[in-house]
1. Tell me which residues come under 5 Å, amide H to amide H, from residue 56 once H is placed; ignore anything under 5 positions away on its chain.
2. Place the peptides 78-89, 56-67, 96-107 in order of packing, highest mean first, counting for every residue the other Cβ atoms within 10 Å and averaging per peptide.
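Here, each number is a calculation from the coordinates, and none is a lab measurement. Keep in mind the model is a prediction, meaning the values are calculated, not measured. Glycine gets a Cβ as well: all are built from the backbone with ideal geometry, and neighbour counts include every protein chain shown.
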Amino acid sequence: MRHMRKADIVVIFLLLAIPLGILFASPRGALFVEIECQEGTYRYSLDDEVRLTVTGPVGETTIEISHGKARIAASDCPTKSCTRGSIDSSPQTLVCLPNQVVVSISGEGGADAIAY
């Protein structure tokens, strides 16, 4: 059995380190929260701190963007299932169907996938 030399160890390290470095160094790109409702379409950076209330067919829906996440904080809809959870990456979406509000994240730039 042949013993590993320093050069072998360096080559193995580089073969492992380069793909990992590319993966972690890839920029996230700019992510945006898009809010579609009867009043129109609003767009904010996911890095913003925003609390917005929009009006729909069944009342008001409050959307909150904070700490890199977007969520429907409150809604006048009957089940309130839209208020469970948050989104933080593209292409995730939250929908309040009774109030006709769609909150989605879209991105510009950054890597969608990395293949080796």
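1. The answer is 61.
2. Numbers: 78-89: 14.0, 56-67: 17.0, 96-107: 19.1.
My ranking of the peptides, most packed first, is 96-107, 56-67, 78-89.
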